[in-house]
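Peer 1: Handing you this structure, nothing more for now.
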Amino acid sequence: MLVTTALHSEIICFPQLPLAVYREIAAHVQQIAGVTATLFAPTFTEFDYYNSQVGGIELSFNDDFAPGDRQIIEEILAFYANRYGTPERQPAMVSSYTA
């Protein structure tokens with residue numbers, strides 16, 4: 001039997017968040033089964049001490065992801081938003097594969 005699964009991802013960016021805090025967020029969300037977190041480089045061309053060393057974090061998960069787990073991710077992000085400001089969020093991609 002073939003099963004098609006979609007992989008969803010979202011990019012989250014806190015413009016002035018330190019690298020260590022991005023790593024902390026990644027560590028928290030990756031404790032949830034089926035979630036991967038990838039940090040990516042910033043896109044600015046000139047160095048500014050007040051900019052983050054990270055361009056953002058991409059969270060990826062399958063479409064069979066439990067709704068309760070999605071709520072946990074939202075709570076984790078809300079925790080950091082309360083301390084560092086509301087992040088920019090955008091869907092990154094949806095891809096599917098058959099296994």
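The values are calculated or read from the model by the stated rules, or taken from the named source; none is laboratory data. Since the model is a prediction, treat every value here as computed from it, not as a measurement. Note: ideal-geometry Cβ built from the backbone for every residue, glycine included; neighbour counts use all protein chains shown.
Peer 1: Which residue pairs have Cβ atoms closer than 8 Å, lie 6 or more positions apart in sequence or on different chains, and pair a first residue in the range 52-78 that is free of Cβ contacts under 8 Å to residues at least 24 places away in the same chain and of a type in the set (A, V, I, L, M, F, W, C) with a second residue that is assigned to a helix (DSSP H, G or I) and buried (at least 17 other Cβ atoms within 10 Å of the Cβ)?
Peer 2: That search, which allows pairs on different chains as well, returns nothing.
Peer 1: I've got another one for you. Quick one: what pairs do we get from the range 8-20, first residue in contact (Cβ under 8 Å) with a residue 60 or more places away in the chain, second of a type in the set (D, E, K, R) and surrounded by 16 or more Cβ atoms within 10 Å (Cβ to Cβ), C-beta under 9 Å, 6+ apart or different chains?
Peer 2: Qualifying pairs under 9 Å: Ser9/Glu58; Glu10/Glu58; Ile11/Glu58; Ile12/Glu58.
Peer 1: Now for a different question. Given the conditions (1) surrounded by 15 or more Cβ atoms within 10 Å (Cβ to Cβ); (2) at pLDDT below 95, report the number of the one that Ala99 does not fulfil.
Peer 2: Unmet condition: (1).
Peer 1: While we're here: Would you check if Leu39 is at pLDDT 90 or above, part of a strand (DSSP E or B) and not hydroxyl-bearing (Ser, Thr, Tyr)? Quick ask: steps written out before the conclusion?
Peer 2: Details: at pLDDT 90 or above: yes; part of a strand (DSSP E or B): yes; not hydroxyl-bearing (Ser, Thr, Tyr): yes.
When the stated conditions are applied, Leu39 passes them.
Peer 1: Filter the range 16-36 for residues that are surrounded by fewer than 16 Cβ atoms within 10 Å (Cβ to Cβ) and assigned to a loop (DSSP other than H, G, I, E, B); which is modelled with the lowest pLDDT?
Peer 2: Per the stated criteria, the residue is Gln16.
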